[in-house]
Amino acid sequence: MKGSILAMNKNKFVYAAFLAIAFAATFSACKDKRSTGLEYARNMYDPIAYNPDQPNKNFKDGKTAQLPPANTKPVGFEEYDEYPNTLEGYNEAGAKMVNPLTADSINLEQGKHSFVVFCAPCHGEKGDGQGHLVKIEKFNGVPSYLTGASSRGGNMIDLTAGKIYHTITYGVNNMGSHASQILPIDRWKIVMYVQQLQKGQ
């Protein structure tokens with residue numbers, strides 16, 4: 001009996017101590033309105049690495065953002081110098097470049113997705129040149145893949161895979177280059193989907 005009373009008193013003491021600590025913590029947090037309170041494990045959410053625009057004593061020039069070493073290329077980078085951003089380069093790409101991907105349902109579906117994200121705002125989801133940016137009159141003169149004329153000669157419906165790829169890479173007229181946003185393999189998937197739209201499918 002005496003032991004059970006001691007155990008109950010011990011439990012009450014622990015409970016009272018917990019309440020006192022909780023009250024003290026709450027009171028101290030409310031005391032200074034500008035205080036952020038106690039912080040636990042700051043290193044869990046404060047970055048250890050330098051930000052790109054931060055000074056950095058580890059480099060001679062004191063900058064964190066460094067240029068990559070000479071003659072290095074980003075992962076997945078593919079040279080495209082053999083077809084320059086000229087009318088001659090455009091026509092040569094149209095004559096020589098062939099889509100390396102197989103025209104299967106997976107590539108077409110992925111091409112459609114990329115087309116809807118990057119191209120449809122101007123070209124329209126059907127390739128009719130009536131994207132929502134055209135409809136709000138932000139851009140004019142976007143040709144239809146079925147009935148439009150290319151500003152570089154010929155009809156849009158006759159554009160080859162190489163010409164479409166060249167245009168995605170460099171851009172033309174109001175359309176800027178998409179080389180930095182779309183990987184080469186994804187450009188070919190878009191080309192595949194555009195050629196499906198050219199057929200009216």
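Bear in mind these aren't lab numbers, they're just calculated from the coordinates by the rules spelled out. Worth saying up front: this structure is predicted, and the values here are computed from it rather than measured. With ideal geometry, Cβ positions are generated from the backbone for all residues, glycine too; neighbour counts draw on all protein chains shown.
Taking other Cβ atoms within 10 Å as a rough exposure proxy, V191, V98 sort from fewest to most as V98, V191. Remark: the chain carries a charge dipole of roughly 1440 debye about the Cα centre, counting +1 on each Lys and Arg Cβ and -1 on each Asp and Glu Cβ. Near P121: Cβ cut-off under 14 Å, other residues only, Lys/Arg at +1 and Asp/Glu at -1. The net charge is 0. Averaging the Cα positions of each part gives two centres, and for region 154-201 and region 104-149 these lie 10 Å apart. Mean residue ellipticity, 222 nm, helices only, the chain: the sum of -39500 (n - 2.57) across DSSP H runs of n ≥ 4, divided by residue count and rounded to 500, is -13500 deg cm²/dmol.
Per-residue Karplus couplings for region 14-22, computed as 6.51 cos²θ - 1.76 cosθ + 1.60 with θ equal to phi - 60°, are listed in order as 4, 5, 5, 5, 4, 4, 5, 5, 5 Hz, Gly and Pro entered as x.
If you take the square roots of the eigenvalues of the alpha-carbon gyration tensor of region 148-195 and sort them as a ≥ b ≥ c, do you get rounded (a/c under 1.5), prolate (a/b over b/c) or oblate?
Details: a/c = 2.60, a/b = 1.34, b/c = 1.94.
Oblate shape, in that a/c is at least 1.5 and b/c is the bigger or equal ratio.
Measuring nothing but how far apart in sequence close Cα pairs (under 8 Å, 6+ apart) lie, relative to its length, the chain scores a relative contact order of 18 percent. Calculated from the structure at hand, semi-axes √(5λ) of the Cα gyration tensor in Å is found among [x] 47, 22, 17; [y] 30, 19, 15; [z] 63, 26, 19 as [z]. Residue-wise HN-Hα couplings along region 98-115, as the Karplus relation 6.51 cos²θ - 1.76 cosθ + 1.60 with θ = phi - 60° gives them from phi, are 10, 4, x, 8, 7, 7, 10, 5, 5, 4, 5, 5, 5, x, 4, 4, 5, 4 Hz; Gly and Pro carry x. Exposure proxy shown here: for E92, E82, the number of other Cβ atoms within 10 Å sets the order, fewest to most, as E82, E92.
Sequentially through region 121-133, phi angles give Karplus couplings (6.51, -1.76, 1.60; θ = phi - 60°) of x, 9, 7, x, 5, 9, x, 8, x, 10, x, 5, 5 Hz, Gly and Pro residues having no value and appearing as x. Of R152, R42, R187, the sequence from fewest to most neighbouring Cβ atoms within 10 angstrom is R42, R152, R187. Considering only L108, A93, S150, the residue lying farthest towards the positive end of the dipole of the chain is L108, judged by Cα position with unit charges set on Cβ.
Pairs over the 29 Å Cα-Cα cut-off, from the set K73/K126; K63/K138; K96/K138; K73/K96: K73/K126; K63/K138; K96/K138. Taking the 0 to 90 degree range and rounding to the nearest ten, how far is the long axis of helix 87-96 tilted relative to the main principal axis of the chain, both from C-alpha atoms? Relative to the chain, helix 87-96 is tipped by roughly 90 degrees.
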